[in-house]
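Take a look at the structure below.
Bear in mind that the values in this text are calculations on the coordinates, not laboratory data. All values reported here derive from a predicted model rather than from experimental measurement. Cβ coordinates were reconstructed from backbone atoms using ideal geometry, including for glycine residues, and neighbour counts include every protein chain displayed.
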Amino acid sequence: MKCPFCGHLETQVVETRISEDADFIRRRRQCGACEKRFTTYERADVSFPSIVKKDGRRTDYQRSKILGSMTLALRKRPVSTAQIDAAVEQIEEKLLSLGLREVASSRLGELVMLELKKLDKIAYIRFASVYRSFEDIDEFKTLVDEVRR
């Protein structure tokens with residue numbers, strides 16, 4: 001691996017650790033030339049399914065879109081960024097476990113709503129009110145009543 005400090009191509013692994021959930025490997029490396037140390041992380045390269053929009057267009061899965069929409073729904077709510085990241089990880093695991101090449105955006109939206117419902121009921125209602133685009137107040141009231149139970 002190339003040293004980020006001096007660009008030398010020979011580095012040596014000094015220490016290797018597996019993360020608690022075994023999702024990645026952390027390695028401490030030392031450059032053979034400048035002797036500085038740095039950390040690298042290794043994670044399996046997985047390909048997510050394409051997302052099929054309502055109009056039939058296909059787009060690549062973008063973690064940033066999921067994270068952004070969840071963060072917006074959770075704005076000013078007592079939920080940490082670590083909890084949000086963990087929820088996004090759950091969504092990604094479910095997406096991958098489907099084993100499909102394509103997933104409808106509506107299915108992805110449902111996965112997001114499930115995780116939001118676990119994290120914060122208000123955020124769930126916020127997201128659902130935009131995602132489901134209610135036609136009238138009664139549909140919205142039904143959702144709120146459902147969450148109260």
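When the chain is treated as a GNM with alpha-carbon contacts under 10 Å, the residue of E102, E93, E15 showing the greatest mean-square fluctuation is E15. Of the options [x] 10.8; [y] 10.1; [z] 12.5, only one is mean projected area of the Cα convex hull in nm² as computed from these coordinates, and that is [z]. Look at L67, L9, L100 and count the other Cβ atoms within 10 Å of each Cβ; fewest to most, that gives L9, L100, L67. A crude spin-label estimate for the pair S97 and K118, with each label 7 Å from Cα along the Cβ direction, gives 0.9 nm. With a simple spin-label model that places each label point 7 Å from the Cα along the Cα-to-Cβ direction, the separation between R17 and R132 comes to 4.4 nm.
Once C-alpha pairs closer than 8 Å and six or more residues apart are averaged by separation and normalised to the residue number of the chain, the relative contact order reads 16 percent.
Between the beta carbons of A104 and T142, assuming R0 = 25 Å, the FRET efficiency works out to 0.60 to the nearest 0.05.
Listing S97, S105 from the residue with the fewest other Cβ atoms within 10 Å to the one with the most, what is the order?
With the sparsest Cβ surroundings first, the list reads S97, S105.
Model label points for S69 and K36, set 7 angstrom from Cα along the Cα-to-Cβ axis, are 4.1 nm apart. Arranged from fewest to most other beta-carbon atoms within 10 Å of their beta carbon, S64, S50 become S64, S50. Around the amide H of S50, modelled in the peptide plane, lie the amide H atoms of E102, V103, all under 5 Å away and 5 or more residues distant in sequence or on another chain. When the chain is described by a simple charge dipole with +1 on each Lys and Arg Cβ and -1 on each Asp and Glu Cβ, the residue from T16, F38, A123 located farthest towards its positive end is F38.
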